[in-house]
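Report on one structure; see the data block that follows.
Just so it is clear, none of the values below were taken in a lab; they were calculated from the coordinates. What you see is a predicted model, and the numbers here were worked out from it, not measured in a lab. Note: ideal-geometry Cβ built from the backbone for every residue, glycine included; neighbour counts use all protein chains shown.
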Amino acid sequence: MTPFSDPSKTSKFPRLAALWESDLGYDFRQSRLVMIATVIFFLLILAALLAPWIAPMNPYDPASLDIMNSSLPPAWYQDGFAAFPFGTDDQGRDMLSATLYGLRTSIIISILGVALASVIGITLGVIAGYFGGIIDTIIMRVADVQLSFPAILVALLIDGIVHTIIPSATREDSAAAIIVLAIGASFWVQYARTIRSSTMVEKNKDYVSAARLFALPSTTIMVRHIIPNVMGPVLVILTINFGLAIITEATLSYLGVGLPPMQPSLGTLIRIGQEYLFSGQWWIVAVPSVALGVLVLTINLLGDWLRDVLNPKLR
Amino acid sequence: MLSLIIRRLIQSFLVMLAVTLIAFIMFRFAGDPVNQMVGVETTQSERQTLREDLGLDQPTIVQFGHYIGRVMRLDFGMSFQFRRPVMDLLAERLPATLELAFVATLLSLSAGIVLGVYCALKPRGILSSLLQSVSLVGVSLPTFLIGILLIYVFSVSLGWLPSFGRNGLVPVTAHWSTGLLTSDGWKSLILPAVTLGLFQMTLIMRLVRSEMLEVLRADFIRFAVARGLPKSRIYFRHALRNTLIPVITVVGLQIGSIIAFSVITETVFQWPGVGLLFLQSVQTADVPIMSTYLLLIAFLFVMINLAVDLIYNAVDPRLKQKNRT
């Protein structure tokens with residue numbers, strides 16, 4: 001995917017044009033709201049990934065903090081400075097930079113969490129659907145039980161259990177991994193259910209029987225033959241789950257069981273900022289809150305739209 | 001029917017057993033309880049006696065059996081952090097959570113039904129479409145963000161309502177003091193209850209709206225209109241009644257998540273309930289409280305699901321038929 005090299009240039013643009021002309025593209029052009037949401041979403045993702053390069057300062061480098069700049073209001077106030085467009089916190093940290101870095105942490109952790117959830121879910125779903133019988137029963141029973149609990153509670157409990165099992169000495173390093181694990185373990189059910197039901201349809205088709213006739217090992221049949229054919233609905237679940245993962249990560253961090261303050265995500269920034277709400281420094285909590293709110297809203301809009309367009313049956 | 005009940009009961013029992021096993025494993029990883037109970041000057045032999053008294057020298061499976069026995073007797077051990085029995089702590093905190101959950105449910109039900117009916121009766125109205133879009137935002141935003149927004153508007157800017165804590169308590173019994181009898185108590189309850197109930201409210205509103213729109217298209221409504229019945233009678237007597245059946249199911253299922261989400265709401269507003277207790281125990285690795293909360297929530301959810309399953313089967317004859325064959 002290098003847009004500037006010659007061979008891909010010829011093949012890429014027709015493809016993009018085809019996508020633009022397709023049903024999906026037509027639906028996309030019909031809805032101004034979806035177009036705006038898409039633009040904002042990609043701007044946020046881009047800003048988050050490029051945070052170290054576009055942020056005015058590294059908010060977690062003590063050398064860049066100056067106590068003289070502490071608690072400055074946003075630039076449009078009389079006491080504000082253009083250098084700190086959204087103000088600073090009590091340590092002179094630029095809120096724009098802190099939010100960009102927080103956005104980055106939140107998005108990376110959520111992507112990893114959703115990736116883990118989909119890997120667990122797809123694997124268990126294919127295994128359950130392909131083998132059936134007692135394996136299927138066990139996996140699906142666990143899924144049923146887990147689905148009856150809210151995901152955020154499961155994530156919170158997993159977080160608590162892992163923290164108990166792993167001594168507190170390693171907490172600081174493993175905090176991000178624990179959140180990824182908590183998200184992965186609480187969102188896998190939906191993938192497993194979807195993949196299982198389509199696997200049960202696919203496994204009776206002729207191409208799978210042919211592969212069996214060749215005496216291919218079950219793993220090869222599942223990975224090379226069935227999975228590519230059942231991945232369709234996963235895209236929609238991925239988008240919706242990404243929004244939920246962002247919320248879960250933010251909530252866990254807000255509750256203080258998430259990331260340590262050394263690498264704050266949006267939720268941690270909001271938790272810290274809430275204390276300044278009463279002293280009138282609303283921007284410390286408002287800037288990360290708005291970033292989180294806009295991110296979640298655009299993802300949900302896109303997820304709903306994708307679901308409606310790709311799978312009208314779900315409507 | 002009987003075989004179904006037995007099957008569901010066995011399933012629920014297995015789930016509770018699995019959850020109890022997880023809670024037990026948490027205890028095993030929490031370190032040696034003997035070390036936490038004795039002082040520095042305790043001799044090795046005294047430790048050994050204590051170990052035998054506590055049954056810690058027995059095989060793991062026997063210990064698990066003892067643990068189940070203690071759970072059955074509602075003896076959940078001592079909190080590491082508070083040095084008090086977990087059962088007492090829970091009994092102290094439970095009224096706060098239950099009051100919050102009750103008021104939140106009531107609020108979401110009444111507001112959700114009223115707004116949903118309005119949206120269904122005036123589907124093209126400006127207020128309806130406004131409510132629809134606002135409810136979409138309400139569903140999307142994380143609970144704690146809504147709580148903070150409410151605090152900013154009603155506590156910090158307007159100064160109408162307190163932003164945290166549970167005030168104006170009046171003791172009713174030895175274990176239960178309520179905030180529902182004083183205006184201070186209600187004032188501090190409003191913001192947490194709205195925050196907790198908002199998600200459910202939007203859910204109920206959307207459900208009532210879509211169900212009601214469906215019912216209004218049904219033949220018996222057309223017939224009622226043709227008979228010339230007064231509008232209010234058609235809407236509230238005939239249409240709304242038929243709408244409420246799915247609503248009741250959803251509300252029943254949502255009671256569990258209201259309790260679960262109260263962890264977040266209680267943290268935002270520092271509401272001294274069970275959820276806040278659980279969160280503090282996660283932060284301080286207070287295993288007895290954590291495992292008890294795990295058991296409590298699991299029990300609650302298993303019971304709700306069991307009840308919903310059985311009621312469904314009792315109410316819906318199609319399911320009954322399917323299970324018989």
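Quick notes
- Taking every alpha-carbon pair under 8 Å whose residues sit at least 6 apart, segment A:182-314 reaches a relative contact order of 20 percent.
- Nearest-ten-degree value, helix B:2-29 long axis tilted from longest Cα axis of chain B: 50 degrees
- Chain B - percent relative contact order, Cα under 8 Å, separation 6 or more: 27 percent
- Each residue of segment A:187-298 gets 121 Å³ once the volume of the Cα convex hull is shared out per residue.
- In this structure the amide hydrogen of B:Ser177, modeled in the peptide plane, comes within under 5 Å of the amide hydrogens of B:Val172, none closer than 5 places in sequence on its chain.
- Debye intensity ratio in log₁₀ form over the Cα atoms of segment B:91-165, taken at each q of 0.16 Å⁻¹: -0.83
- The long axis of helix B:183-216 is offset from the longest Cα principal axis of chain B by roughly 50 degrees.
- Computed E for B:Leu213/A:Ser31 - FRET, C-beta separation, R0 25 angstrom, nearest 0.05: 0.65
- Coarse-grained scattering of segment A:210-261 at q = 0.15 Å⁻¹, given as base-10 log I(q)/I(0) from a Debye sum over alpha-carbon atoms: -0.62
- Segment B:241-299 shape via C-alpha gyration tensor axes, a/c threshold 1.5: oblate
- For segment B:69-130: rounded, prolate or oblate by the Cα gyration tensor [a/c cutoff 1.5]: prolate
- Within a Gaussian network of chain B (alpha carbon springs, distance under 10 Å), most fluctuating of B:Phe299, B:Phe82, B:Phe261: B:Phe82
- Binned Cα-Cα distances of segment B:43-149, short to long, each 10 Å bin given as a whole percent: 11, 21, 20, 14, 14, 12, 6, 2, 0
- If R0 is 35 Å, the Cβ-Cβ spacing of A:Thr38 and B:Val156 corresponds to a FRET efficiency of close to 0.50.
- Between helix B:126-140 and chain B: long-axis angle, C-alpha atoms, 0 to 90°, nearest 10: 20 degrees
- Kirkwood hydrodynamic radius of segment B:215-257, from inverse mean 1/r over distinct Cα pairs, in Å: 11.5 Å
- More than 24 angstrom apart: percent of Cα pairs within segment B:185-297: 49 percent
- Taking one quarter of the surface of the C-alpha convex hull of chain B gives a mean projected area of 23.5 nm².
- In this Cβ point-charge picture (+1 for Lys and Arg, -1 for Asp and Glu), segment B:204-325 has a dipole of about 1020 debye about its Cα centre.
- Among B:Val308, B:Phe24, B:Leu295 the positive-end extreme of the charge dipole of chain B (Cβ point charges): B:Val308
- The residue list B:Leu145, B:Ser177, B:Ser108 was ranked by how far each Cα lies along the charge dipole of chain B toward its positive end, using unit charges on Cβ atoms, and B:Ser108 comes out on top.
- Sequence-separation-based contact order of segment B:244-292, relative, with Cα cut under 8 Å and 6+ spacing, percent: 21 percent
- Spin-label model distance (nm) - B:Leu310 vs B:Val139, 7 Å beyond Cα toward Cβ: 3.2 nm
- Taking the square roots of five times each eigenvalue of the Cα gyration tensor of segment A:101-244, the equivalent ellipsoid has semi-axes of 32, 16, 14 Å, listed largest first.
- Estimated from the Cβ-Cβ distance and a Förster radius of 45 angstrom, the FRET efficiency linking B:Val225 and A:Lys205 is about 0.30.
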